[in-house]
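To keep things clear, I will list the structure first and then write my remarks on it.
Read-outs throughout are calculated quantities, based only on the coordinates presented, and are distinct from any laboratory measurement. Keep in mind the model is a prediction, meaning the values are calculated, not measured. In this analysis, Cβ positions are derived from the backbone assuming ideal geometry, glycine residues included, and neighbour counts consider all displayed protein chains.
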Amino acid sequence: MLDNLSLLAQAPVLNIQLLLDGLFIGATFALAAYGLALVWGVMNVKNLCQGDMVILGGFITVTLAHNGIHPIFGLPVAIVALFVYGWIVYRLIICRVIERDLFTSLLATFGLAIVMAQSMNLIFGPEVTTADSGFETRTLFDGLVTVAEIKVVSLLLAATLATIVIVFMKRSRMGQAIRATAQDARAARVMGIDTDRVYQFTYALNAAICGAAGCLISMIWTIQPFFGITHSIRAFVIVTAAGFGNLFGVILAGFGLGFAEQYSGFVLGAQFQQATVVGLLVIVLVVRQIQQARHRRAVI
Amino acid sequence: MSQPVIEVNRVSKSFGGVVANHEISLEVPQGKITGLIGPNGSGKTTLFNSIVGYHPIDAGSIKFKGLEISELNVQKIARLGLVRTFQQTRIYGKLDCMQNMMISIPHRTAAWIDMFAKPSPKTQARAEQLLDFVGLYAKRRLLAGSLSFGQQKLLEFAMALMNEPEVLMLDEPTAGINPTLINGLIDRLRRANTEFGITMFIIEHNMRVIMNMADSIYCLAHGELLAHGSPEQIQNDQRVIDAYLGAH
Amino acid sequence: MSKSVKAGLLYACILILGIGAPLLFPDYTFQLALLWIMILFALTWDIAGGQMGYNSLGNILFFGAGMYICALTQVGLYYDIGAYTAASGAIKVDYTPQQYFTGLILGIALAAVGCVVLAAIFGRIVFGLRGPYFAIGTLGVALASAELIGTWGYVGAGGGISLPVYPGDPDARAMLFYGLCALAATGTFLFLRWLYGTSFGLALNAIRDDEEKAEAMGIHTTRYKTVAWAISGFFLGIVGAVFGNMTGFIEPLEVAFPTTTFGIFMVLMVLLGGKGTLWGPVIGAVLFHIVKEVTWTYLLGWQWITLGALIIVNVIFFQQGIVGWMREKWPERFGLVVDRRATISSQEES
């Protein structure tokens with residue numbers, strides 16, 4: 001562990017590699033977390049199958065890639081497929097738990113997460129897999145730093161998608177309805193907004209965002225049916241750290257988590273990767289609690 | 001004039017940019033009934049919340065029996081003997097009335113081992129007596145959540161009495177109660193004051209009630225203390241009338 | 001027949017079944033022991049989850065912690081733990097019965113105490129979290145402990161630890177651990193039956209119904225919550241220690257901290273039986289375990305999907321559980337009085 005640390009000090013250029021990789025992977029984390037922030041903020045559903053939707057998007061891309069369709073073209077397919085999937089899941093499950101207490105939605109989506117992970121395990125098999133884009137890998141600094149072109153493409157795609165969603169939320173009628181519902185669902189209903197449709201659309205949109213994130217992750221990293229829970233926890237870490245009303249915070253926290261994982265993976269070893277994510281979750285929650293405790297009583 | 005039991009000194013509280021309380025000072029004398037009135041949004045409930053430790057205050061000092069309590073949390077303040085009721089009545093809905101009463105015994109001196117004690121017959125008798133006092137004896141085995149709003153309000157009052165407080169802070173005790181029952185409630189509040197010797201600090205919108213009951217009244221408007229005096233003085237104070245009529 | 005006689009008969013039947021079952025079906029002793037463990041799981045989860053309204057997804061933490069504390073005690077009494085785990089099973093331990101039982105008893109005791117301490121420490125951290133944060137926080141703590149044990153070489157990391165071999169006949173061994181499981185579960189039940197009759201039970205329910213009100217009334221909420229969690233930890237620690245010895249080999253992910261199997265079974269069994277009741281968790285656990293053991297093998301590959309679907313259906317359509325449903329249907333039998341015309345206030349006039 002100390003050896004790895006001193007290595008970083010001796011060869012500062014390795015930091016660039018870690019930071020770059022953190023940036024690329026963090027962008028996808030931020031994307032999935034933004035989806036969670038959306039459903040959490042608008043409909044108060046803690047979606048524990050967030051990560052499994054990400055993985056599903058990844059598997060769609062991988063399957064298409066095996067059939068000769070380039071992963072980048074898998075992106076729109078994953079988005080549309082997951083949008084429809086989210087729409088159905090809302091009708092079947094979410095619409096029945098949305099008005100209930102918070103643990104209900106948490107547990108119902110946790111059940112769904114188990115179903116999804118196991119189904120993917122049956123359908124796609126338990127192997128760790130990736131979607132090969134066939135792009136070149138460039139080297140910088142005399143081969144000390146490698147950058148796969150697909151990672152740059154993925155970052156650009158993530159940025160484009162995020163921009164589209166943000167513009168959509170600001171400009172479109174549905175986006176405005178979503179934001180109105182998030183602020184006060186009762187008032188929105190009184191003003192003639194069909195909140196049920198808004199919720200349905202929001203959940204489907206979240207699923208689509210997850211699908212996009214999964215597609216990007218399958219191109220630049222690896223997927224496996226049971227990786228979902230870790231992605232879910234990542235999204236929770238990011239949203240809890242940033243707060244769900246804070247888009248800029250979500251992006252920042254996403255990159256932060258990307259860096260943190262890269263560094264802990266390098267310094268402590270790859271087997272600590274999951275421990276890092278979970279550990280960060282606990283730390284973030286504890287810090288939040290200390291912040292609240294500083295007040296005599298949390299103001300509601 | 002008797003000793004003040006609550007002393008609020010230049011307390012300020014704002015939420016974001018909105019000033020809810022600005023340098024409010026008031027005193028609640030021991031053994032008396034003190035009223036707190038003011039138009040909607042004048043900061044009455046905020047002041048209550050500040051006193052009972054529900055949120056931190058920005059500036060000022062709050063003393064209970066000479067002890068600074070502005071840094072203490074809700075539970076500690078409650079255990080000192082300063083108990084409040086809520087504007088939106090709060091009871092334990094899935095417990096029956098007697099259970100609601102049993103768990104409301106004073107926790108002031110509770111040691112760790114007391115957590116595992118069974119309620120004593122004395123406690124039960126007292127709970128029944130207090131339920132009888134508020135007229136809920138016949139419903140003592142009903143789930144509190146199945147009571148009507150007015151009955152829940154009475155139950156909450158009985159629970160507060162069960163806690164044997166020195167000061168009881170009531171947030172709109174008559175709101176939502178059937179007008180025909182209000183006289184009965186006023187009578188009970190008075191009796192709680194005289195018979196049990198509980199000091200009362202009451203937020204109330206119903207002028208008839210508060211003018212009838214209170215020994216002295218404070219009036220808030222726009223987060224500031226507007227007037228203080230006996231019910232007659234307040235009733236005839238032009239500033240108070242203006243505040244209620246919306247004039248500035 | 002009076003009520004107490006009926007209850008006495010019921011307990012006697014259960015007692016006879018408990019003792020007789022492994023004698024009648026000696027091949028299923030392990031499954032039957034597991035049934036007691038499931039009952040204990042459900043009962044302890046219900047303390048915080050049902051009675052107090054704090055839904056934890058991480059109670060399995062104490063199960064695993066108890067298991068490891070006990071195993072390390074048993075090994076550490078007579079060997080060097082580091083060398084033992086480094087050899088990963090190459091060192092064959094041969095304990096005399098006296099050594100073995102000293103280790104086992106001490107290990108179980110330390111597991112129970114250790115888990116109480118752990119509960120007190122983690123209680124400080126997680127009870128500041130409310131609602132969903134609490135559920136996610138406890139899930140995080142459980143997952144993190146599994147990950148950390150999995151990377152800690154001294155305790156065998158992901159490779160796990162083999163426990164000392166029972167010095168004697170395998171049948172006697174099976175009966176011993178069956179007995180310990182049955183004893184632990186029965187003890188938990190009787191303890192909770194007593195506990196819910198005291199002010200403690202009332203305070204837990206008060207916290208569930210309205211924690212803010214409980215605070216405003218001066219109840220030591222943190223104290224109650226911590227003690228409630230410590231009670232869960234105490235019994236889970238004991239049964240974790242016993243289970244570790246029953247399987248003979250422990251490792252962090254599948255045996256000690258199975259968050260997505262045992263950890264979720266706990267919640268599901270309580271929801272199935274009815275949370276916030278004494279008998280609900282027991283009924284839910286028995287039902288779930290029997291159905292699971294009977295159907296699991298026929299659902300090869302599909303069992304987890306079925307489990308997930310069961311959670312969803314249970315949560316959405318049948319959250320009150322069996323006992324909860326019965327209580328709604330026949331409230332009088334549960335000593336509840338429901339005034340059908342309660343909303344019209346007639347008593348109030350007096």
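Remarks
- Look at the alpha carbon pairs under 8 Å that are at least 6 residues apart: their mean separation over the length of chain A gives a relative contact order of 38 percent.
- Residues of type aspartates and glutamates that residue B:94 reaches as a straight line, Cα spacing below 12 Å, ignoring anything fewer than 8 places off in the same chain: C:209, C:210
- Inter-probe distance in nm under a simple model that places probes 7 Å from Cα toward Cβ, at residue B:222 and residue A:222: 6.8 nm
- Its relative contact order, with pairs defined as Cα atoms under 8 Å and 6+ residues apart, puts chain B at 26 percent.
- Residue-averaged beta-carbon neighbours from other chains (10 angstrom radius) around C:296-308: 3
- By other beta-carbon atoms within 10 Å, ranking A:234, A:179 with the fewest at the front produces A:179, A:234.
- Within 10 Å of the Cβ of each residue in A:264-275, the mean number of Cβ atoms contributed by other protein chains is 2.
- Peptide C:141-152 has a mean of 5 when you count, residue by residue, the C-beta atoms of other protein chains within 10 Å of its C-beta.
- Global form of the protein assembly as shown, assessed from the alpha-carbon gyration tensor, a/c cut-off 1.5: oblate
- Long-range HN-HN contacts of residue C:58 with modeled amide H, under 5 Å: C:139
- For the range A:135-200, the residue among A:140, A:174, A:158 whose Cα projects farthest onto the positive side of the dipole built from Cβ charges is A:174.
- Placing +1 on each Lys and Arg Cβ and -1 on each Asp and Glu Cβ, with no other charges, gives the protein assembly as shown a dipole about its Cα centre of roughly 1600 debye.
- For the range B:1-70, the relative contact order comes to 40 percent (Cα pairs under 8 Å, sequence separation of at least 6).
- The residues B:224, B:204, when put in order of fewest to most other Cβ atoms within 10 Å, stand as B:224, B:204.
- Using a Förster distance of 25 Å, the FRET efficiency for residue A:66-residue A:23 (Cβ separation, nearest 0.05): 0.30
- Packing-based ranking, highest mean first, of A:81-88, C:93-100 given that Cβ atoms within 10 Å are counted: A:81-88, C:93-100
- Tilt relative to chain B, helix B:121-134 - C-alpha long axis, 0 to 90 degrees, to 10: 50 degrees
- Overall, the anisotropy analysis places the range C:97-202 in the oblate class: the square-rooted eigenvalues a ≥ b ≥ c of its C-alpha gyration tensor yield a/c not less than 1.5, with a/b not exceeding b/c.
- Burial ordering of C:28, A:34, C:133, fewest other beta-carbon atoms within 10 Å first: C:28, C:133, A:34
- Pairwise FRET efficiency - residue B:190 versus residue A:152, Cβ, R0 = 60 Å, nearest 0.05: 0.15
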